[in-house]
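Sharing a structure, written as structure tokens. Questions coming.
The values are calculated or read from the model by the stated rules, or taken from the named source; none is laboratory data. Only a predicted model underlies this, so the values are computations on that prediction, with no experimental measurement involved. Ideal geometry is used to build each Cβ from the backbone, glycine not excepted, and the neighbour counts take in all protein chains shown. Surface areas here come from the heavy atoms of the whole protein model, side chains and all, with no ligands, DNA or RNA. Shrake-Rupley method; radii C 1.70, N 1.55, O 1.52, S 1.80 Å.
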Amino acid sequence: MEEILKDINSVPEGIRTAVRNHGGGHANHSLFWEIMGPGGGGNPSGHVAQAIQEVFGSFESLKEKVNNAATNQFGSGWGWLVLADGKLDVIARPNQDSPLMEGKTPILGVDVWEHAYYLKYQNRRPDYLNAWWSTVNWPAVEQRLSRARG
């Protein structure tokens, strides 16, 4: 699926929207479940911590940027930490759009569709985002970054 999303414009126009929505949803959620887990949270370590420090200055600064991007994503979508041109960046994208469609590699993503948080947080997306960080499986994020860097 990742290879198809990386070249989304080569998908026939008649099915491109379905591939974008369903394929993007599959890729996004697959990453989402991989990078979360019981006993998660805390501070990143290793190469991912070093990369965060170099680009954002601190883990707290990264959290602020991801939370801001995800909170301000109008409607449904995702907040992302991506590797683009060899550098970490924070972006938000609507619906099931994947950073892969733009040549960016998703390293960490947070789902801000209402189904991800409504039962517990109702319309308090910022509260959900603050709590979500306690689920992040940093070793999985570290592996994603290492694979992306080759």
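Filter region 44-61 down to the residues that are part of a loop (DSSP other than H, G, I, E, B), surrounded by fewer than 14 Cβ atoms within 10 Å (Cβ to Cβ) and in contact (Cβ under 8 Å) with a residue 24 or more places away in the chain and list them by number. Before you say what the answer is, go through the steps one by one.
Going residue by residue through region 44-61, those that are part of a loop (DSSP other than H, G, I, E, B) are 44-45, 57-58.
Right, trim to surrounded by fewer than 14 Cβ atoms within 10 Å (Cβ to Cβ) and you get 45, 57-58.
Within region 44-61, Ser45 is the sole residue that qualifies.
Return the residue satisfying two criteria in turn: it lies in region 111-126 and is touching a residue at least 12 places away in the same chain (Cβ under 8 Å) and not in a loop (DSSP other than H, G, I, E, B), and of such residues it is farthest from His29 (Cα to Cα).
Across region 111-126, the extreme among qualifying residues is Pro126.
Return the pair list, or none, for Cβ contacts closer than 8 Å from residues in region 15-34 that are in contact (Cβ under 8 Å) with a residue 12 or more places away in the chain and surrounded by 13 or more Cβ atoms within 10 Å (Cβ to Cβ) to residues that are part of a helix (DSSP H, G or I) and among the basic types (Lys, Arg), at least 6 apart or on different chains.
Leu31/Arg144; Glu34/Arg144
Here's something else I'd like to know. Read through the list (1) outside any strand (DSSP E or B); (2) touching a residue at least 12 places away in the same chain (Cβ under 8 Å); (3) surrounded by 12 or more Cβ atoms within 10 Å (Cβ to Cβ), then give the number of the only condition that Leu81 fails.
Evaluating Leu81 over (1) outside any strand (DSSP E or B); (2) touching a residue at least 12 places away in the same chain (Cβ under 8 Å); (3) surrounded by 12 or more Cβ atoms within 10 Å (Cβ to Cβ) leaves (1) as the failure.
Would you mind finding the one in Leu108, Leu88, Leu129 that is outside any strand (DSSP E or B) and among the hydrophobic types (A, V, I, L, M, F, W, C)?
On the way: Leu108 fails: outside any strand (DSSP E or B); Leu88 fails: outside any strand (DSSP E or B).
Being outside any strand (DSSP E or B) and among the hydrophobic types (A, V, I, L, M, F, W, C) holds for just one of Leu108, Leu88, Leu129, which is Leu129.
If Pro94 passes every condition in (1) surrounded by fewer than 17 Cβ atoms within 10 Å (Cβ to Cβ); (2) in contact (Cβ under 8 Å) with a residue 24 or more places away in the chain; (3) under 22 Å from Arg20 (Cα atoms) but one, which one does it miss?
Against the list (1) surrounded by fewer than 17 Cβ atoms within 10 Å (Cβ to Cβ); (2) in contact (Cβ under 8 Å) with a residue 24 or more places away in the chain; (3) under 22 Å from Arg20 (Cα atoms), Pro94 comes up short only on (2).
Looking only at region 132-143, how many residues end up being assigned to a helix (DSSP H, G or I) and either more than 19 Å from Ala70 (Cβ to Cβ) or open to solvent by less than 30 Å² (accessible area, probe 1.4 Å) (or both)? Walk me through it before giving the result.
Of all residues in region 132-143, those assigned to a helix (DSSP H, G or I) come to 132-135, 138-143.
Now drop any that are not either more than 19 Å from Ala70 (Cβ to Cβ) or open to solvent by less than 30 Å² (accessible area, probe 1.4 Å) (or both), which leaves 132-133, 138-143.
Of the residues in that region, 8 qualify.
Working only within region 18-43, note down all residues that are assigned to a loop (DSSP other than H, G, I, E, B) and β-branched (Val, Ile, Thr).
Of region 18-43, the ones assigned to a loop (DSSP other than H, G, I, E, B) are 35, 37-43.
Ile35, the sole residue that qualifies.
Output the number of residues of region 103-126 satisfying the condition of being surrounded by 15 or more Cβ atoms within 10 Å (Cβ to Cβ) and of a type outside the set (Lys, Arg). Reasoning before the result, please.
First pass over region 103-126, keeping only residues surrounded by 15 or more Cβ atoms within 10 Å (Cβ to Cβ): 104-114, 116-117, 121, 125.
Going one step further and asking which of them are of a type outside the set (Lys, Arg), we end up with 105-114, 116-117, 121.
Within region 103-126, residues that are surrounded by 15 or more Cβ atoms within 10 Å (Cβ to Cβ) and of a type outside the set (Lys, Arg) number 13.
If Phe74 passes every condition in (1) surrounded by fewer than 19 Cβ atoms within 10 Å (Cβ to Cβ); (2) within 12 Å of the chain's Cα centre (by Cα) but one, which one does it miss?
Unmet for Phe74, out of (1) surrounded by fewer than 19 Cβ atoms within 10 Å (Cβ to Cβ); (2) within 12 Å of the chain's Cα centre (by Cα): (2).
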